[in-house]
Amino acid sequence: MSNAVIEIRNLSKIYRDFWGRKKVQAVKSLSMDVMQGEVFGLLGPNGSGKTTTMKMLLGLLFPTSGEMTILGKPAADVTKNERIGYLPEESYLYRFLNADETLDFYGRLFNMTAADRARRADELIEMVGLGKARRRQLKEYSKGMTRRIGLAQALINDPDLVLLDEPTSGLDPTGTREMKDLIIQLKAQGKTVVMCSHQLADVQDVCDRIAVLFQGELKVLGRVDELLELRNEMQMRTPTLSDEAMADIRQVLKKHNVNDVEFSRPKADLEQLFLRTVRESGERPGRRFSTEEVAASGRG
Ligand SMILES: Nc1ncnc2c1ncn2[C@@H]1O[C@H](COP(=O)(O)OP(=O)(O)OP(=O)(O)O)[C@@H](O)[C@H]1O
Ligand SMILES: [Mg+2]
């Protein structure tokens, strides 16, 4: 078993109003660990306590009770944040700075030298695909571009642990795919990623383990592949079969008392269809694709 980067024990958060009266219990005795090098997904409906949990991990909010250790230090110790990157739900970036200036500003907060800041900004701007827009003020950025510069900012200090609050919100499918690839790339570099998202397909694609919160309580925790495996069914993939072949297969299975057999064509998913259309449209402008063409070309 690898090391825990985050250990949460009996964590609770009660938001109180101005007079100290209990308003909302946002997190209820939450206990869980996040391991070194994994991509961990926090899921749950609106208001289930995901953002509150992330903010407590960063030491931006104080828990009402419970303990948290992050990178071997208590959550309240802000020196640990030097090794953490955070993409907030809403960006708090300076609207009048451009991408270069933004990254330079955050680099200074981490006491990076001018040369390091310039090198790191080049790397990150390239990585998040903002090369063409790097000299434009952030107030002119689209939602997706804002998300991208937010990610670059979160990575300026080359953190070991990255907390991403809805990293794909507002991104088009191409941007979403790129963000997912970036997350996979971070994992490949040995970093630990914790993300919240309502985009379940994205979570399924990138997360190793997930936790589902409901009204501040942990309801499900486990490996995505194990949670989603249909243990009582099997599937076999072949080239298109003739009617005769299908009839023969049914006969064979009948001998084994299997009568419930379904033959169908697998479906490519909409993400792949979208990405391929965008890519091919760029290569061949002015062309439209027929359903037959799209279907015949199969997955990816
Ligand atoms: N500053 C605050 N003061 C009072 N209550 C708050 C505050 N911040 C959050 N809450 C409450 O805490 C609960 C959890 O909120 P939180 O933002 O953690 O949810 P979330 O899971 O991130 O939701 P979403 O999916 O909408 O982002 C909600 O009931 C919310 O109203
Ligand atoms: Mg939230």
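Entry remark, the range 242-265: residues being within 19 Å of Asn232 (Cβ to Cβ), over 41 Å from the mean Cα position of the chain (by Cα) and of a type in the set (A, V, I, L, M, F, W, C) number 1 in total. The residues of the range 26-51 that are touching a Phe, Trp or Tyr at 6+ places or on another chain (Cβ under 8 Å) and surrounded by 15 or more Cβ atoms within 10 Å (Cβ to Cβ), listed by number, are Ala26, Val34, Gly44, Ser48. Regarding the range 30-38, can at least one residue be identified that is in the same structural domain as Lys219 (by TED's automatic domain parsing), within 13 Å of ligand 1 (Cβ to nearest atom) and within 19 Å of Val194 (Cα to Cα)? Yes: one or more hits. Taking residues in the range 223-244 that are in the same structural domain as Val194 (by TED's automatic domain parsing) and free of Cβ contacts under 8 Å to residues at least 40 places away in the same chain, and partners anywhere that are surrounded by 10 or more Cβ atoms within 10 Å (Cβ to Cβ) and among the acidic types (Asp, Glu), the pairs with Cβ atoms closer than 8 Å and at least 6 places apart or on different chains are Arg223/Asp208.
Annotation note: of Gln199, Gln204, Gln215, the sole residue that is assigned by TED's automatic domain parsing to the domain that holds Phe110 and either over 10 Å from the mean Cα position of the chain (by Cα) or within 16 Å of Met127 (Cα to Cα) (or both) is Gln215.
When Leu253, Leu241, Leu273 are checked against the criterion of being touching a helix residue (DSSP H, G or I) at 6+ places or on another chain (Cβ under 8 Å) and assigned to a helix (DSSP H, G or I), Leu273 stands alone in meeting it. The single condition among (1) touching a Leu at 6+ places or on another chain (Cβ under 6 Å); (2) surrounded by fewer than 19 Cβ atoms within 10 Å (Cβ to Cβ) that Lys55 does not meet is (2).
For the range 1-44, which positions are touching a helix residue (DSSP H, G or I) at 6+ places or on another chain (Cβ under 6 Å) and within 16 Å of ligand 2 (Cβ to nearest atom)? Full working, then the answer.
In the first step, residues of the range 1-44 are kept if they are touching a helix residue (DSSP H, G or I) at 6+ places or on another chain (Cβ under 6 Å); the result is 13, 26-27, 39, 41-42, 44.
Passing the criteria: Lys13, Ala26, Val27, Gly41, Leu42, Gly44.
Can you say whether Ile8 is hydrophobic (A, V, I, L, M, F, W, C), within 15 Å of ligand 1 (Cβ to nearest atom), at pLDDT 95 or above and surrounded by fewer than 17 Cβ atoms within 10 Å (Cβ to Cβ), as far as the supplied structure shows? Answer is no for this residue.
Only one of the numbered conditions (1) among the aliphatic types (A, V, I, L, M); (2) within 16 Å of ligand 2 (Cβ to nearest atom); (3) more than 19 Å from Pro88 (Cα to Cα) is not met by Val203, and that is (3).
Scanning the range 208-217 for residues that are surrounded by fewer than 20 Cβ atoms within 10 Å (Cβ to Cβ) and in a strand (DSSP E or B) yields Arg209, Val212, Phe214, Glu217.
Looking only at the range 165-187, how many residues end up being assigned to a loop (DSSP other than H, G, I, E, B) and more than 16 Å from ligand 2 (Cβ to nearest atom)? Quick ask: steps written out before the conclusion?
Taking the range 165-187 as the starting set, the residues that turn out to be assigned to a loop (DSSP other than H, G, I, E, B) are 166-172.
Going one step further and asking which of them are more than 16 Å from ligand 2 (Cβ to nearest atom), we end up with 171-172.
Qualifying residue count for the region: 2.
Is at least one residue of the range 121-134 within 17 Å of Ile84 (Cα to Cα), within 16 Å of ligand 2 (Cβ to nearest atom) and either touching a helix residue (DSSP H, G or I) at 6+ places or on another chain (Cβ under 6 Å) or not polar (S, T, N, Q) (or both)? No, every residue in the range 121-134 fails to be within 17 Å of Ile84 (Cα to Cα), within 16 Å of ligand 2 (Cβ to nearest atom) and either touching a helix residue (DSSP H, G or I) at 6+ places or on another chain (Cβ under 6 Å) or not polar (S, T, N, Q) (or both). Consider the range 188-198 and keep the residues that are surrounded by fewer than 18 Cβ atoms within 10 Å (Cβ to Cβ) and either in a loop (DSSP other than H, G, I, E, B) or among the basic types (Lys, Arg) (or both). The one that is nearest to ligand 2 (Cβ to nearest atom) is His198.
Identify the residue in the range 49-76 that is within 16 Å of ligand 2 (Cβ to nearest atom) and among the charged types (D, E, K, R) and, among all such residues, is farthest from the chain's Cα centre (by Cα). Going through the qualifying residues, I end up with Lys55. Of all residues in the range 244-300, exactly one satisfies the criterion of being touching a Pro at 6+ places or on another chain (Cβ under 9 Å) and of a type in the set (Asp, Glu), namely Glu271.
The values are calculated or read from the model by the stated rules, or taken from the named source; none is laboratory data. For clarity, every value in this text was computed on a predicted model and none was experimentally measured. FYI the Cβ positions are ideal-geometry reconstructions off the backbone, even for glycines, and counts take in every protein chain you see.
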